[in-house]
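The structure appears right after this line, and notes come after that.
The values are calculated or read from the model by the stated rules, or taken from the named source; none is laboratory data. All figures in this text were calculated on a predicted structure; none of them were measured in a lab. Backbone-built Cβ (ideal geometry, glycine too); neighbour counts: all protein chains shown.
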Amino acid sequence: MNIHEYQTKELLRGYGVPVPDGRVAHNVDNAATIAEELGGERWVVKAQIHAGGRGKGGGVKVASSIDEVKQFTNEMIGTHLVTPQTGAEGRLVQRVLVEQACNINKEFYLGMVIDRATQRITVIASASGGMNIEEVAKTDPDRVIREAVDPAVGLAGFQCRKIAARMGFTGKQIGEAAKIMQALYRAFRDKDALLAEINPLADIDDGKLMALDAKMSFDANAMYRRPDITELRDFDEEDTKEVEASGHGLNYIALDGNVGCIVNGAGLAMATMDAISFHNGKPANFLDVGGGASPEKVGNAFRIVLQDPNVKAILVNIFAGINRCDWIAEGLVQAMRELDIQVPIVVRLAGTNVEKGAPILEASGFPFIMANNLDDAATRVVAALEDAA
Amino acid sequence: MSVFVHKHSRVIIQGFTGQHATFHAEESMKNGTTVVGGVTPGKGGQEHLGLPVFDTVHQAVAETGADVSGIFVPPPFAADAIMEALEAGIGVIVVIADGIPVQDMVRVKRYAAGKDAIIIGPNTPGIITPDACKVGIMPSHIYTPGRIGVVSRSGTLNYEAVQQMSEMGMGQTTSVGIGGDPVNGTDFVTVLRAFEADPETEAVIMIGEIGGQQEVDAARWARENMSKPVVGFVAGVSAPPGRRMGHAGAIISGEADTANAKMDLMEELGVHVVRNPALIGETARRVFS
């Protein structure tokens, strides 16, 4: 689960990370008032969307007058900002962050992730800030510093000083950087984060360190115990079909093909997409109905898949372990009765109660195309697509 | 023989009296598994499925000599349950729960360091040595005793591969689901090492997915240390980068994480890679015959 930059900065400010003075604005007047109250001569206006790369899309601008603050805010709010991460349609900007600008001497990178290799929270830092850390790791791996944290001890002071020294800090700044690392670690641990990034961490005006941009994402599985973070979720930043699906206990991800997929289990769902691709078809979505798929759940899966106008055929692939094929079959028949389904449907059932599932589909009289196995299913759905075209 | 669980394994179920635990404990017993009791705090002294219920794992181990535990408690309580089993000296801990907070597992792994135990999962269908011991939720009837070791991250894709094998007349020594989470108890290398050491296992099928590097690490290990052939598949060739595909661990966060990148490397390292998931069984037959 992601949150906005202004929310991340508020959270980190509470932990003692120095961030620029600033507030979020929802309209032009609001932005002007904030800039006036902040004072100074220059302000940064930043579009608040979850996607990165905002600077490249014109979503980050420095204003030298209140009029410019108004102008930039006006240009951003209500428009779809296109960045390298949003896709061509962009993302609607509904608010901007107005901050006091500062002079930057040097930029650093400071991040934390849960590293799969060490299976620990790991600090990632670099003296090359302001740019994409993945790029730095690729072109100049020696400039990326990694330090794993022992969960029983926490991030130790000596580790912070070691990282700070390797980042090139000297004198007072070593202690300052160490304090920021400790604060970021506490926020990461307390709030069940999966990722935290300060990029850039900047050496500004008088040698102070400040987090000029910050990003955090959180573990959805832990949000039951983090109501303060859950509150920050912005549904406008998420795909409406994906949100609807998760409300029904379904895991749905929209893709750009034309074969709708309804599968149980994440691994089999991916493999089904792969099998379709192998036969030169293009999956329209990833959909995992999960365990305990009731007829209602199957109906909801159909509704969501069919909301995508690109879907020209559907492949249902169920390998029932904890599920039961007869429930799935009932759900399929019910969906056919309730929804106006015009596209061919290929069904492959296997596992628990398969012998009860197939007769239900046959008896229904609906033109299900039955498949014997995964390869057969993928072949048939691609063929059905060609017939329909 | 087999790996991790066998016909002498003595199994307890944590969260024993819950609905799913009850159903799957009964299924396991029908499949020949020796379930010796279970744990549900507050229900100690009762009987369930004709077996004793204990308040703590410590008591259960002392009374029954259990050495394997299947953990069926909900995700918020699972980390504590795993540590309880570790502390009580259980040797094989199978964690079914899907949705344990990642940082909980980070702490569990730290707690497990230095203890002589195998944690299988979380987010796994479990482990099965056909007709001898099953701890998990997989449909037992698709598994048959045989000579092939199976290890996978995904549950349903494990079923898919096993079904394809069964249709070709190939059975399994043991099938291990290591789970779909980014921080898990047991990695591919640990399971490959066990299969290599098991005299009955003649070959291994390894089924991975996008995210992380453990399939490649395993292939590298296998090249140096394994005499038995390995057939491999990585799910998610058609998955877009940056999106979490159901499993918390299935996300492409860099070029090296993609299914094709991993399969290319595995192939270079000597794994018999299957590019079409529908042909896992057929490839296995060709390679192993």
| note | Of (1) touching a residue at least 60 places away in the same chain (Cβ under 8 Å); (2) surrounded by fewer than 24 Cβ atoms within 10 Å (Cβ to Cβ), A:A313 fails just (2)
| query | Does the stretch B:170-184 hold any residues that are under 27 Å from B:E282 (Cβ atoms) and either surrounded by 24 or more Cβ atoms within 10 Å (Cβ to Cβ) or hydroxyl-bearing (S, T, Y) (or both), and which are they? | reply | B:Q172, B:T173, B:T174, B:S175, B:V176, B:G177, B:I178, B:G179, B:G180
| request: Return the pairs, sorted by first residue and then second, in which the second residue is assigned to a loop (DSSP other than H, G, I, E, B) and at pLDDT below 95, the first residue lies in the stretch B:189-209 and is in the same structural domain as B:I178 (by TED's automatic domain parsing) and under 10 Å from B:V3 (Cβ atoms), the beta carbons are less than 6 Å apart, and the residues are 6+ apart or on different chains. | output: B:D198/B:M1; B:E200/B:M1
| note | Restricted to the stretch B:95-137 and to residues being without any contact (Cβ under 8 Å) to a residue 12 or more places away in the chain and in contact with a strand residue (DSSP E or B) (Cβ under 9 Å, 6 or more places away or on another chain), the residue nearest to B:P75 (Cα to Cα) is B:Q103
| message | With the structure loaded, tell me whether B:R147 is crowded, with 24+ Cβ neighbours inside 10 Å and either under 19 Å from B:P75 (Cα atoms) or not β-branched (V, I, T) (or both) or whether it fails that test. | response | no
| query | For the subset of the stretch B:186-225 comprising residues that are more than 15 Å from B:D264 (Cβ to Cβ) and at the interface with chain A (Cβ under 8 Å from one of its Cβ atoms), which member is surrounded by the fewest Cβ atoms within 10 Å (Cβ to Cβ)? | reply | B:Q214
| said: I'd like to check which strands (runs of 3 or more DSSP E) are fully inside the stretch B:133-252 and have at least 3 residues that are modelled with pLDDT of 95 or more and within 19 Å of B:E267 (Cβ to Cβ). | reply: B:203-209, B:230-235
| Restricted to the stretch B:12-35, and to residues that are in a helix (DSSP H, G or I) and in contact with a strand residue (DSSP E or B) (Cβ under 6 Å, 6 or more places away or on another chain), which residue is farthest from B:V94 (Cα to Cα)? | B:M29
| said: It is to be established whether one or more residues within the stretch B:231-249 are away from chain A (no Cβ under 12 Å) and not acidic (D, E). | reply: yes
| Do you know which of the residues in the stretch B:91-130 that are acidic (D, E) and crowded, with 18+ Cβ neighbours inside 10 Å is nearest to the chain's Cα centre (by Cα)? | B:D98
| query | Restricting the stretch A:306-333 to residues that are among the acidic types (D, E) and more than 27 Å from the chain's Cα centre (by Cα), which is nearest to the other protein chains (Cβ to nearest Cβ)? | reply | A:D326
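A quick yes/no check of all residues on (1) over 22 Å from the mean Cα position of the chain (by Cα); (2) free of Cβ contacts under 8 Å to residues at least 40 places away in the same chain; (3) surrounded by fewer than 21 Cβ atoms within 10 Å (Cβ to Cβ); (4) closer than 21 Å to A:K282 by Cα:
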residue: B:S227; (1), (2), (3), (4): yes, yes, yes, no
residue: B:V231; (1), (2), (3), (4): no, no, no, no
residue: B:S238; (1), (2), (3), (4): yes, yes, no, yes
residue: B:G254; (1), (2), (3), (4): yes, yes, yes, no
residue: B:D264; (1), (2), (3), (4): yes, yes, yes, no
residue: B:L269; (1), (2), (3), (4): yes, no, yes, no
residue: B:H272; (1), (2), (3), (4): no, no, yes, no
residue: B:E282; (1), (2), (3), (4): yes, no, yes, no
| Right, A:G111: part of a strand (DSSP E or B) and either hydroxyl-bearing (S, T, Y) or surrounded by 15 or more Cβ atoms within 10 Å (Cβ to Cβ) (or both) or not? | yes
| request: Please enumerate the residues belonging to the stretch A:14-47 that are in contact with a Lys or Arg (Cβ under 6 Å, 6 or more places away or on another chain) and either crowded, with 17+ Cβ neighbours inside 10 Å or closer than 18 Å to A:L92 by Cα (or both). | output: A:V19, A:V24, A:H26, A:V28, A:A32, A:I34, A:V45, A:A47
| query | Any residue at all in the stretch A:375-387 that is more than 19 Å from A:V259 (Cα to Cα) and assigned by TED's automatic domain parsing to the domain that holds A:D288? | reply | no
| query | Is there a residue being out of contact with any Ser or Thr (no Cβ under 9 Å at 6 or more places or on another chain) and outside the structural domain of B:N31 (by TED's automatic domain parsing) anywhere in the stretch B:148-155? | reply | yes
| request: Just need a number here: residues in the stretch A:126-138 that are of a type outside the set (V, I, T) and either in a helix (DSSP H, G or I) or within 22 Å of the chain's Cα centre (by Cα) (or both). | output: 7
| request: Please give the helices (runs of 4 or more DSSP H) falling wholly within the stretch A:192-305 in which 3 or more residues are within 8 Å of another protein chain (Cβ to nearest Cβ) and over 30 Å from A:G168 (Cβ atoms). | output: A:266-278
| request: Go through the stretch B:115-134 and give me each residue that's more than 12 Å from every other protein chain (Cβ to nearest Cβ) and under 18 Å from B:E84 (Cα atoms). | output: B:K115, B:D116, B:A117, B:I118, B:I120, B:G121
| query | If you scan the stretch B:1-15, which residues turn out to be modelled with pLDDT of 95 or more, surrounded by fewer than 24 Cβ atoms within 10 Å (Cβ to Cβ) and hydrophobic (A, V, I, L, M, F, W, C)? | reply | B:F4
